[in-house]
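Notes for the one structure printed next.
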Amino acid sequence: MDASGKGLKVAYQGCPGAYSEAAAKKAYPNCQTVPCEHFDTAFKAVENWLADRAVLPLENSLGGSIHRNFDLLLRHRLHIVGEVRYAVRHCLLANPGVKIENLKSAMSHPQALAQCENTLTDFGIEHREAVDDTAGAAKIVAERQLQDTGAIASLLAAELYGLDVLAENIQDDKDNVTRFMMLAREPIIPRTDKPFKTSIVFSLEEGPGQLFKALGVFALREINLTKIESRPHKKRPLRITDDSFSTPSKQFDYLFYVDLEASMADPKTQNALGNLKEFATFLRVLGSYPTDMNEA
């Protein structure tokens, strides 16, 4: 299999024409894409050898993190082997002959609707209808031959489902970029001859300065962090605290997801994680992979 993805089956969440499919094609230009109804289905497709890779969203510059996929990274045993940034360009689509002034409703994924809120209001489209994904909205509008409802989706979706493009780049903020992760059953061999990221997840004992101490293992070795995200620990969702000044209370235990600008092939990264492991209650490397240096 070459770098273009020839011979690879790549799973993504959504219908054909989804932004996730476009991201999969950007990551592996010559791959065969495999649509999956849910994020979890895409993880399982790779685990069960129905696909070789999965390309799934991790965070968006406007909407923030896709928390479901953080949770699934921990539940499944796949490895992050790469990342790809994709610039989202929303379009307003409708059936042939329908004009913007005919539209009373817009249908799309909730995040896409939110990202185009002001533009839709300016168009005089008052009603919003949320569905599971953007390409799915285009498919519904086309199949039902809706005359008063438009879809917010991609140019590819317009082409696939025979819809007219009434307006392009309708997102309120033009800098709309989604970062996708590339997942595989086996990790890649990390290198030091080009920029790499390493993604980890860990948990800590409760106590003053514990997170400061954890982050310090990277600061002391001049390892830059590009992301830190906390999520409640689902296997240990609550703990009892007693500060001697009030009645005992239940608090969340947390997992911390961190991205490092470093390769696992670098001894200082290995030393930092060795240091962290000495006092972390849990530590897992999710992947060490090349940084996407290309334009979104």
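The values are calculated or read from the model by the stated rules, or taken from the named source; none is laboratory data. In this text the structure is predicted, and so the values were computed from the model without any measurement. Cβ coordinates were reconstructed from backbone atoms using ideal geometry, including for glycine residues, and neighbour counts include every protein chain displayed. In case anyone asks, the SASA skips ligands and DNA or RNA and just uses the protein heavy atoms, side chains included. Shrake-Rupley method; radii C 1.70, N 1.55, O 1.52, S 1.80 Å.
Put a dot 7 Å past the Cα of Gln145, heading toward its Cβ, do the same for Glu295, and the two dots end up 4.2 nm apart. Solvent-accessible area of the range 1-156 (1.4 angstrom probe, protein heavy atoms only): carbon and sulfur portion equals 50 percent.
What is the percent of Cα-Cα separations in the range 1-130 that go past 27 Å?
Working: 2490 of 8385 pairs.
The share of Cα pairs beyond 27 Å in the range 1-130 comes to 30 percent.
How big, in percent, is the set of alpha carbon pairs in the range 91-168 lying more than 21 Å apart? In whole percent, the share of Cα-Cα pairs in the range 91-168 beyond 21 Å is 11.
Taking a sphere under 9 Å around the Cβ of Gln115 and counting the other residues whose Cβ falls inside, with K and R at +1 and D and E at -1, yields a net charge of -3. Placing His109, His76 in order of accessible area, with the largest value first and a 1.4 Å probe, yields His109, His76. Across the range 9-58, Cα-Cα distances exceeding 18 Å account for 13% of all pairs. Fully extending the segment from Thr226 to Ser65 would add 56.6 nm, taking 0.36 nm per residue of separation and subtracting the current Cα-Cα distance.
With K and R counted +1 and D and E -1, the other residues having a Cβ less than 14 Å from that of Leu156 yield a net charge of 0. Here the simple spin-label model places points 7 Å from the Cα toward Cβ, and for Ile189 and Ile100 these points are separated by 5.5 nm. The eigenvalues of the Cα gyration tensor, multiplied by 5 and square-rooted, give the chain an equivalent ellipsoid with semi-axes of 39, 24, 17 Å from largest to smallest. Placing a pseudo-label 7 Å from each Cα along the Cα-to-Cβ vector at Arg77 and Arg89 gives an inter-label distance of 4.2 nm. Across the chain, the longest run free of exposed loop sites, meaning trypsin sites (Lys or Arg not before Pro) lying outside DSSP classes H, G, I, E and B with no more than 11 other Cβ atoms within 10 Å, spans 1-76.
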